[in-house]
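The values are calculated or read from the model by the stated rules, or taken from the named source; none is laboratory data. Everything numeric in this text was worked out from a predicted model, so none of it was measured. Glycine gets a Cβ as well: all are built from the backbone with ideal geometry, and neighbour counts include every protein chain shown. Note: areas computed on protein heavy atoms with side chains; ligands, DNA, RNA excluded. Shrake-Rupley method; radii C 1.70, N 1.55, O 1.52, S 1.80 Å.
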Amino acid sequence: METLAQFGDGGPGPWILLFPVIWALVIGGGITLLRRTVWRGRRGPGRPTAVADNSPITVLGHRFASGEIDEDEYWRRLSVLDEQFGRTGKGGAA
């Protein structure tokens, strides 16, 4: 009696290649699922990038927070930057 494990002369048949293909599909599907769900939150569209951190409004905020400029100068410069660059959507009065 010939079983699935025996092919012709006693070795495995060409169907044995099906197992690596199935595992590749399972692993690839898992990675795809993780990329579309869990890992997307780490670099989603709402997350600021390095360019946004170096925007003039952000630099001005850092200068004000560190005490390099006073409040009057901060608001004066911020109004000029708002006209040129607009708000980044990170809060504050719009």
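Observations on the structure shown:
- Heavy-atom accessible area order for Arg36, Arg77, largest first, 1.4 Å probe: Arg36, Arg77
- FRET efficiency estimate (nearest 0.05) - Cβ-Cβ, Tyr74 to Val38, R0 35 angstrom: 0.30
- Computed accessible area, Arg76, all protein chains, 1.4 angstrom probe, square angstrom: 140 Å²
- Shown in residue order for the range 30-39 are the 3J(HN,Hα) couplings computed by the Karplus curve 6.51 cos²θ - 1.76 cosθ + 1.60 at θ = phi - 60°: x, 5, 4, 4, 5, 5, 7, 10, 5, 6 Hz (x for Gly and Pro).
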